[in-house]
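Asker: Here it is, the structure in full.
FYI, it's all coordinate maths here, none of it is from the lab. Computed from a predicted structure; not experimentally measured. Cβ: placed from backbone, ideal geometry, glycine included. Neighbour counts: every protein chain shown.
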Amino acid sequence: MHSGEGSAENVERRTILSSSFIGGPRDMRRRYMDVMALVRKYGKPDIFLIMTCNPNWDEIKNKLYPSQTPQDHPDLIT
């Protein structure tokens, strides 16, 4: 009650986030288990490659409708 909680029924109530909550501990565990299943099936990866694109590239801008931003189309920038 000292931390600003005004209702006693909310004190000590546990909230469990689903695994679909991005960034939560259950989501991270699910992602880790998915990757370990891939490693078990296909073996250790040979290359870990990360590519970054500039959302202002003409190739990306040409695929967007006039009112869209690159963030509206993650399939273009990821």
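Asker: Mind putting a number on the dipole of the chain about its Cα centre? Charges go on the C-beta only, +1 for Lys and Arg and -1 for Asp and Glu, and I need it in Debye to the nearest 20.
Answerer: The dipole of the chain has a size of about 460 debye.
Asker: At a temperature of 10 °C and a viscosity of 1.306 mPa s, determine how fast the chain diffuses translationally according to Stokes-Einstein, using the Kirkwood radius over alpha-carbon pairs as Rh; express D in µm²/s, rounded to the nearest whole number.
Answerer: 91
Asker: Once both axes come from the Cα atoms, what is the angle between helix 25-42 and the longest principal axis of the chain, in degrees from 0 to 90, rounded to 10?
Answerer: 40
Asker: Here's another thing I want to ask about it. What spacing in nm lies between the two simple spin-label points modelled at S18 and Y32, each 7 Å away from Cα in the Cβ direction?
Answerer: Roughly 2.3 nm, to one decimal.
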